[in-house]
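Quick note: the coordinates plus some simple rules give every number you see, no bench work behind them. This structure is a prediction, so every number in the text was calculated from the model and none was measured. Heads up, the Cβs are rebuilt from the backbone with ideal geometry, glycines too, and the neighbour counts pull from every protein chain shown.
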């Protein structure tokens, strides 16, 4: 295996494109290096992106936030403006692993690892986050269109994610992410729910609801958003939200939860998540 | 072997080494540099026995490549004591019997130091969350938490005197 640590995105893309063997992008390494050590991958080239300055910074502008692909969970949590604007996204990213893992893990890595249970992904989808993908050309892809199956992404050979963008926080908006795990910390989601919503005169005007760990890919559930748009999140709306979420699930049975259990929990958790997002948006 | 030549700083000492591109920083520390403090428990970032700091950030050295350390600053448990004088955390771990077999201890010490550097007066809950990435399979965690609380107190006193 060769190790390269380019200092520009262009150089990184060119290294990946030129490699005839198996090439991998190294961000935080908290998934990739585990796979390397367990002999699940046999790379010919690893391209470390953490020497590329643009990939290590969080930029705030009028259009929102641009989070470099190498930014660690710990550094997301330290960015006060980001925490204030998108608390749900930061909470989701900060739920991943221990402090040791937080020191390295990245949202772009969480996305490219493409686990159905990736914690930051439903929160990003709810927030309307986009991935800036660079290869021969530069393209912007909605986060929900990046993961195509367990461990599979829509990125072509030679492409990498340079940054994740989050829109500017509209007025009267809030987001939240909750996950259910059998223990209190350090586990993989049985169900994860990300919700972002915007109020107009106390009524939910816009909403995005995303579910994790209940299907081969994280889901954007439009029917669940529809169930709460136009409401003040009254009991009927919450029930409709729960039903839509449970109906959208297409989970597997595993040691963490059965299909039936996951479907039920998705609804329960969606209600709780929506309440937090609604309160953060200033709803009463 | 196509080695990677790395120049870095470990516990304030300039260090150079050559390692294979796929070798972990943990293996470099232990097998090339003779720094045996960091331990390999799981090798997958779950147990924290290999905890070190990299540019001030607490990380598992089993999930860092040796090649990544170029130009960085690393601290390990070997850098905690000043000469013969133990760090207050090390002293309190002994006084509180916060270790039995000792495999997890270097990781706990490094993680506890990282916590106290950021937060000199953590609550018990904060300590337990901060050490959630370190596993101990003999002592149980109460004695470790007590040792960290006692060391935090010692360090606050020390810093007041300064």
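Working from label points 7 Å from Cα in the Cα-to-Cβ sense, the residue A:81 to residue B:82 distance is 4.0 nm.
Placing dummy labels 7 Å off each Cα toward the beta-carbon, the span from residue B:5 to residue B:95 is 4.9 nm. Estimated from the Cβ-Cβ distance and a Förster radius of 56 angstrom, the FRET efficiency linking residue A:200 and residue B:40 is about 0.50.
I'd like the projected area of the protein assembly as shown, averaged over all directions, using the convex hull of its alpha carbons. Report it in nm² with one decimal. Convex hull of Cα atoms, orientation-averaged projection: 22.7 nm². In terms of the Cα gyration tensor, with a ≥ b ≥ c the square roots of its eigenvalues, is segment A:1-79 rounded because a/c is under 1.5, prolate because a/b exceeds b/c, or oblate? Since a/c reaches 1.5 but b/c is at least a/b, the shape of segment A:1-79 is classed as oblate. Overall form of segment B:1-127: prolate. Here a/c, set by the Cα gyration tensor axes a ≥ b ≥ c, is 1.5 or more, and a/b is the larger of a/b and b/c.
Summarising the strand pairing of segment A:1-117, around 40 percent of its internal DSSP beta bridges are antiparallel. Each stretch of four or more DSSP H residues adds -39500 (n - 2.57); spread over every residue of the protein assembly as shown, this sum gives -9500 deg cm²/dmol at 222 nm. Where both bridge residues fall in the protein assembly as shown, DSSP classifies roughly 85% of the beta bridges as antiparallel.
Computed extension length for residue A:232-residue A:152: 25.0 nm, one decimal, from 0.36 nm per residue of separation with the Cα-Cα distance subtracted. Inter-chain Cβ neighbour count for A:30-40, averaged per residue, equals 4 (cutoff 10 Å, partner chain atoms only).
Remind me, relative contact order of segment A:78-222 in percent, using alpha carbon pairs under 8 angstrom and six or more residues apart? Across segment A:78-222, relative contact order equals 27 percent. Seen against the Cα atoms of chain A and their longest principal axis, helix A:9-18 is set at about 70 degrees.
Highest mean packing comes first when the peptides B:32-45, A:80-93 are listed by Cβ atoms within 10 Å, giving A:80-93, B:32-45. The long axis of helix A:259-280 is offset from the longest Cα principal axis of chain A by roughly 80 degrees. Counting only other chain Cβ atoms within 10 Å of each residue's Cβ, the peptide B:67-75 averages 3.
Per residue of B:44-51, count partner chain C-beta atoms within 10 Å of its C-beta, then hand back the mean as an integer.
4
Put simply, when A:201-210, A:232-241, B:78-87 are sorted by average Cβ atoms within 10 angstrom per residue, most first, you get A:201-210, A:232-241, B:78-87. In terms of its C-alpha gyration tensor, segment B:98-162 has a prolate overall shape, because the principal axis ratio a/c (a ≥ b ≥ c, square roots of the eigenvalues) is not below 1.5 and a/b outweighs b/c.
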